[in-house]
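Values in this text are rule-based calculations from the coordinates and carry no lab data. Just so it is clear, the model here is predicted, and its values are computed rather than measured. Neighbour counts are summed over all protein chains in view; Cβ atoms, including those assigned to glycine, are modelled from backbone coordinates with ideal geometry.
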């Protein structure tokens, strides 16, 4: 049984669907990360699970109990907000620099120490959160726009885009088999490249080139909806993942690279 299950949940702000029929489940003892750019619905989804926002569609099940209409206090969960400030009127950077400014440390030295401290805090915070989650054996949903943070910490990553799930997979699966062009561009440092394929006399080649053939025979890996290869990307060492822009934006297939 899933510890937390979200089933077709939507949240509307007027005509805008901030969260659009989102469904996912996470097992007990696992860390699920909601990943995506600003405005994609990550925080709204988390607030829906916590009960800080009311779902307009769908249902939310926690520990086998339907909690969709229950207030936060009756859901048996806790939520930690993103706020690191010691002085509420100062930013995180200003809090870190406060003591240095009081001691009149030169500006260049302050910036150097700030960069070093910020990197250390991020690393330590990730480690502490993951260690605590594993030690307590609890299901946790974590929100971030930082793909490196998601890849390092999560058991399961859900990439959101415009209120919808773009891909739901393990970190390893995101690298080996990204589901869409958006996932390709969002995951990885640097991001993976996208190129257009065309049929050559001996198989698929990069459009505009004479080869070599990347796929073994003409027509191999073509979209069943339109019969063409529109975009592809290479993510795994020995495979090409293909996606057709004329078909469903979430459909993709894989084919072996010709050696």
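The ranking of 91, 68 by Cβ neighbour count inside 10 Å, starting from the fewest, reads 91, 68.
Please work out how much length the chain gains when fully extended from residue 145 to residue 2, using 0.36 nm per residue of separation minus the C-alpha to C-alpha distance, in nm with one decimal.
So the chain would gain 49.0 nm between residue 145 and residue 2.
Max-minus-min Cα coordinates of segment 12-139 on each principal axis give 56, 40, 25 Å, with the largest extent listed first.
Ranking of 113, 196, 17 by neighbouring Cβ atoms within 10 Å, starting from the fewest: 196, 113, 17. Which distance in Å, rounded to a whole number, links the C-alpha centroids of segment 98-168 and segment 13-31? Each part's Cα centre sits 22 Å from the other's. Residue order for 194, 159, 31, 48, fewest other beta carbons within 10 angstrom first, comes to 194, 31, 48, 159.
Site pair residue 70 and residue 16 shows an inter-label distance of 3.1 nm when each label is modelled 7 Å from Cα along Cα→Cβ.
Once the Cα-Cα distance is subtracted from the 0.36 nm per residue extended length, the residue 105 to residue 23 segment shows a gain of 24.4 nm.
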